[in-house]
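The structure appears right after this line, and notes come after that.
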Amino acid sequence: SQQPRPYQSSAWPENIMQVRWDPDAIIRWNFGYWAAVVRHPDAEAILTAQLKDADLLVQNKAIRNLGLLGSDSALRMLKQQSTRPQETVRVAAATGLSSWGPVYLAGLRDDSSSAVRLAVAEGLGQSPTADAALQLKSLINDRSTEVQLTVIKSIRHWPDELAIPLLLEGIKEGVFKTRRASVLQLTERTGVGGIISIEASREERAATIQSLVQSGQLPGG
């Protein structure tokens, strides 16, 4: 749904506008979502209006759905939303900004809210690039265990050359749950992870990792 495509009127039922102001908030936000997905000419206006909806769910969904449009004006609105004090708004903005790539998530990476940082980790996982990997590396030792685990989960489908260095970082710097998730994924990828003891001290884990990298058994870029 995030891939650019021309609007086709056949995807927009003639009577669908009657649900725009439906009393059910779920119907209203789904209406906005559908407008964004099919790239309706009025999608941006519809979502902008939903930013002032009486229901917070509709407002936050509208922020997320702006990320599907890919327009410069939608990007400007998402940047504005990302600076608002409400946590749920910044979470929605992080999700929306993910469509534009890692550079637009950098400003939220150190947010005071773990929910926002978690959304950033999920968003970065959509871009298997060196830039995203560098940002995810800084979240490996996040003070929230859930954020750390989200980093490991988000790179599951990344290529080895980008994912394995992050997994090694997770084994070295993460809390126990993160180290365990990292070793399991590393073993699935390479069969080598079982050599590293997640119960060993940080210094011992780091030494084992260094040995594996130096021997060429694992990439350490």
Honestly the stretch 70-164 on the Cα gyration tensor test (a ≥ b ≥ c root eigenvalues; a/c under 1.5 rounded, otherwise a/b vs b/c for prolate or oblate) is just oblate
[x] 207; [y] 163; [z] 127, with the label sought being that of the calculated volume of the Cα convex hull per residue in Å³: [z]
Largest first and to the nearest Å, give the Cα extent of the stretch 116-184 along each principal axis. 26, 26, 16
Using alpha carbons only, how many degrees (0 to 90, rounded to 10) separate the axis of helix 145-154 from the longest principal axis of the chain? 80
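Roll a 1.4 Å probe over the protein chains and send me the accessible area per residue for the stretch 37-117 in Å².
Ligands and nucleic acids excluded, the result is 44 Å² per residue.
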Whether the stretch 12-55 is rounded, prolate or oblate, judged on the alpha carbon gyration tensor where a/c under 1.5 counts as rounded: oblate
Pairing the Cα long axis of helix 72-81 with the longest principal axis of the chain, what angle in degrees results, from 0 to 90 and rounded to the nearest 10? 70
³J(HN,Hα) computed for each position of the stretch 162-176 - Karplus, 6.51 cos²θ - 1.76 cosθ + 1.60, integer Hz, glycine/proline x: 9, 7, 4, x, 6, 5, 5, 5, x, 5, 7, 10, x, 6, 4
Which ³J(HN,Hα) values in Hz, rounded to whole numbers, follow from the phi angles of the stretch 110-118 under the Karplus curve 6.51 cos²θ - 1.76 cosθ + 1.60, where θ = phi - 60° and Gly and Pro get x? 9, 4, 5, 8, 5, 5, 5, 4, 5
Using the basic label-point model (7 angstrom from Cα toward the beta carbon), what is the L56 to Q210 distance in nanometres? 4.9
With r defined as the distance between the Cβ atoms of R202 and Q86 and R0 fixed at 41 Å, what FRET efficiency is calculated, to the nearest 0.05? 0.65
Rounded to whole angstrom, the alpha-carbon centroid of the stretch 36-56 lies from that of the stretch 152-221 at a distance of 43
Cα point-scatterer Debye curve for the stretch 27-103, base-10 log of I(q)/I(0) at q = 0.18, 0.21, 0.22 Å⁻¹: -0.60, -0.82, -0.91
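Once every DSSP H run of n ≥ 4 in the chain is given -39500 (n - 2.57) and the sum is divided by its residues, what mean residue ellipticity at 222 nm do you get, rounded to the nearest 500 deg cm²/dmol? List each step's numbers first, then the result.
On the way: 11 runs with 126 residues, N = 221.
My calculation for the chain gives -17500 deg cm²/dmol from helical runs alone.
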So how much accessible area does L105 have, in Å² to the nearest 10, using a 1.4 Å probe? 0
Excluding D160 itself, what net charge comes from residues whose Cβ is under 12 Å from its Cβ, given Lys and Arg +1 and Asp and Glu -1? 0
Karplus-derived 3J(HN,Hα), 6.51/-1.76/1.60, for each residue of the stretch 209-215, Hz, glycine and proline x: 4, 4, 5, 5, 5, 5, 7
What translational diffusion coefficient, in µm²/s and rounded to a whole number, does the Stokes-Einstein relation yield for the stretch 10-140 at 25 °C and a viscosity of 0.890 mPa s, taking the hydrodynamic radius as the Kirkwood radius over Cα pairs? 163
Beyond a 26 Å Cα-Cα separation, which of these cross-linked pairs lie in this structure: K61/K137; K61/K153; K52/K79? K61/K137
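The values are calculated or read from the model by the stated rules, or taken from the named source; none is laboratory data. Bear in mind that the values here come from a model prediction, so they are computed numbers and not experimental data. Counting neighbours? That spans all protein chains shown, and the Cβs are built from the backbone with ideal geometry, glycine included. Ligands, DNA and RNA are excluded from the accessible area calculation, which covers all protein heavy atoms including side chains. Shrake-Rupley method; radii C 1.70, N 1.55, O 1.52, S 1.80 Å.
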